[in-house]
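Heads up, the thing below is written out as structure tokens.
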Amino acid sequence: MHIILGPPGTGKTTRLLTMVEQAMDRGVPPDRIGYFSFTKRAAEEAITRAVKRFHLSYKDLPYFRTLHSLAMHRAGIDRKDVMTLSHYQECADWLHIGSFIETRPMEEGPYQEYGMGDRFLEIINMSRICMIPLRMVYNKSPVSLTTNFSKVEYVDRGLRAFKKAHNLYDFTDMLEIFLARELSPQFDVVFIDEVQDLSPIQWAMVHQIAKRSKEMVLAGDDDQAIYRWAGADVEYFIRLNTTSEVLGQSYRIPALHHSMSQRLIQSIHNRRKKEFLPRPESGSIFRHRHSEEVNLDNEDWLLLARTRRDAKRLEAEVRQRGLLYSFSLSKDMSHQCVAAIQLWEALRRGESITAKDVRYVYKYMVLNKQVLRGHKTLPDIPEDTLLNIEALKMDHGLVTDEPWTEALAAIPENEVIYYKACMRRGEDLTKEPRIRISTIHSAKGAEATNVLLLTDCPQRITGGNATRTELDDEKRVFYVGLTRAKKELHLIHPMNSRGFPLI
């Protein structure tokens, strides 16, 4: 077992793929190579780059996936057998506990302003993924202030019974089945990425995989371990006693950003010491009283906030300015409409798009004005069928080829006003937005030429009662935020709290 420590921007994925190539050059078949990561985004990036680099198909690399995906695949669990939000609600109704909420803001941690059913679910799952008794997790949780342990046990038994009765599985079930049945394939070489974010049950998977592998490489960076609240065991990674190396050159971080971020991260009490060099450019760091002071009119930007609430505040501000943006955590209609606009303009340029995308475009057309009755859902047309504008006009009810402002007449008027404001500012709606809004947690792995970082911080951290571990974890979060920019870093004075102190 060998560890590769990859500080921000040092090309960890590139290094791992180079090692994959070296394994193939030694004659290792692609299906005897495992490449597993913590997040789906990292796994998709790895396989996409591998397919392009090695001129392979996705089917040639069956074990480039997340650990959860591996467990699900090996256990033979179908997607239709996985618990959904409606299943959780049905179970909550049966148990008379209100509701379960399947998705929660990643940056907030557990127990933040949610119903009792959701809190029960957090305690139960934390017990399972950390492989510690339910009572121990309960004793450390705020739920103990509002309910008794017998109620938590009741929900735990009920949830298990519900899943068994309906032949359903959650994601932790998949890992438990993988371990119990010892389902690991045999590998010649295995790469595990983002290991700083692995929970104890995932570490157990890693060790089972290692027993059936000739060679294993672990890659990560404990300085970017920001998921302890979700069960990640960064101390386990820090304690691992095996050979290691540090990727010593960042291709992203300028010197000034590097200096500031290192002062912060080196104040953490327990970490793997690592030295790496920044880019030769100095970069720039600016401080502002308010985010409105920052000119976002040129180049690409990543706007970062510690919480979803503050990220939504940035979203409202950017919309008011008439700037085009993307925000993966937003359910705002804007993103759906922009996608339809981009697809429609691609059709007008003579490109072909899939029937699935045509249906998406047709959704924003008025019946019998832009598309004829009976054609709006493209009945009996397979989703992957490629269609161009001429085929749509001839055989599939399309009766317009006007620009989107006329053709997509079902787009709400307030959205049209916003898009026209964007166009007046010079934004190109047919291209990917150059401004991205994100929480820091969701942005790990991302980078941009320029970064705007809100320094607002949860009150539980700045209120003076945080433990040393909580303060260290918060330092890691803001370290991630400080290391996303390649050129300019704009720090915004806290608006709603004391803010996190950045030297």
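For VAL217, indicate whether it is hydrophobic (A, V, I, L, M, F, W, C), open to solvent by 10 Å² or more (accessible area, probe 1.4 Å) and touching a residue at least 40 places away in the same chain (Cβ under 8 Å).
Judged against the criteria, VAL217 is not a match.
From (1) crowded, with 21+ Cβ neighbours inside 10 Å; (2) over 21 Å from GLY11 (Cα atoms); (3) in contact with a His (Cβ under 9 Å, 6 or more places away or on another chain), pick out the condition that doesn't hold for ILE285.
Every condition holds for ILE285 apart from (1).
What's the total number of residues in the range 1-45 that are in a helix (DSSP H, G or I) and either farther than 17 Å from LEU70 by Cβ or not β-branched (Val, Ile, Thr) (or both)?
Summing the residues that are in a helix (DSSP H, G or I) and either farther than 17 Å from LEU70 by Cβ or not β-branched (Val, Ile, Thr) (or both) in the range 1-45 gives 22.
Could you check the range 17-45 and list, in sequence order, the residues that are at pLDDT below 95 and touching a Ser or Thr at 6+ places or on another chain (Cβ under 8 Å)?
Listed by number, the residues that qualify are SER37, PHE38, THR39, LYS40, ALA42, ALA43, GLU45.
I need the full set of residues from the range 464-503 which are among the charged types (D, E, K, R) and either without any contact (Cβ under 8 Å) to a residue 60 or more places away in the chain or open to solvent by 10 Å² or more (accessible area, probe 1.4 Å) (or both), in order please.
Of everything in the range 464-503, those that are among the charged types (D, E, K, R) and either without any contact (Cβ under 8 Å) to a residue 60 or more places away in the chain or open to solvent by 10 Å² or more (accessible area, probe 1.4 Å) (or both) turn out to be ARG468, GLU470, ASP472, ASP473, GLU474, LYS475, LYS486, LYS487, GLU488, ARG498.
Kindly indicate which of TYR154, TYR169 is closer than 22 Å to LYS80 by Cβ and either open to solvent by 30 Å² or more (accessible area, probe 1.4 Å) or at pLDDT below 95 (or both).
Within the list TYR154, TYR169, the selection yields TYR169.
Among the residues of the range 331-351, which ones are open to solvent by 10 Å² or more (accessible area, probe 1.4 Å) and at pLDDT below 75?
LYS331, ASP332, MET333, HIS335
Working carefully through the options PRO403, PRO412, find the one that is in contact with a Lys or Arg (Cβ under 8 Å, 6 or more places away or on another chain), open to solvent by less than 60 Å² (accessible area, probe 1.4 Å) and not charged (D, E, K, R).
Step by step, each of PRO403, PRO412 is checked, and only PRO403 is in contact with a Lys or Arg (Cβ under 8 Å, 6 or more places away or on another chain), open to solvent by less than 60 Å² (accessible area, probe 1.4 Å) and not charged (D, E, K, R).
Quick one: is GLY115 open to solvent by 20 Å² or more (accessible area, probe 1.4 Å), modelled with pLDDT under 90 and out of contact with any Leu (no Cβ under 9 Å at 6 or more places or on another chain)?
Yes.
Might you check whether a residue that is in a loop (DSSP other than H, G, I, E, B), closer than 26 Å to GLN342 by Cα, modelled with pLDDT of 90 or more and open to solvent by less than 20 Å² (accessible area, probe 1.4 Å) occurs anywhere in the range 438-461?
yes
Mind listing whichever residues of the range 148-177 are among the polar types (S, T, N, Q), in contact with a helix residue (DSSP H, G or I) (Cβ under 7 Å, 6 or more places away or on another chain) and outside any helix (DSSP H, G or I)?
Result: ASN167, single match.
Any idea which of (1) open to solvent by 30 Å² or more (accessible area, probe 1.4 Å); (2) more than 16 Å from ALA409 (Cβ to Cβ) is the one ASN368 doesn't satisfy?
Unmet condition: (2).
The values are calculated or read from the model by the stated rules, or taken from the named source; none is laboratory data. Just so it is clear, the model here is predicted, and its values are computed rather than measured. Heads up, the Cβs are rebuilt from the backbone with ideal geometry, glycines too, and the neighbour counts pull from every protein chain shown. Side chains included, ligands, DNA and RNA excluded: accessible areas come from the protein's heavy atoms. Shrake-Rupley method; radii C 1.70, N 1.55, O 1.52, S 1.80 Å.
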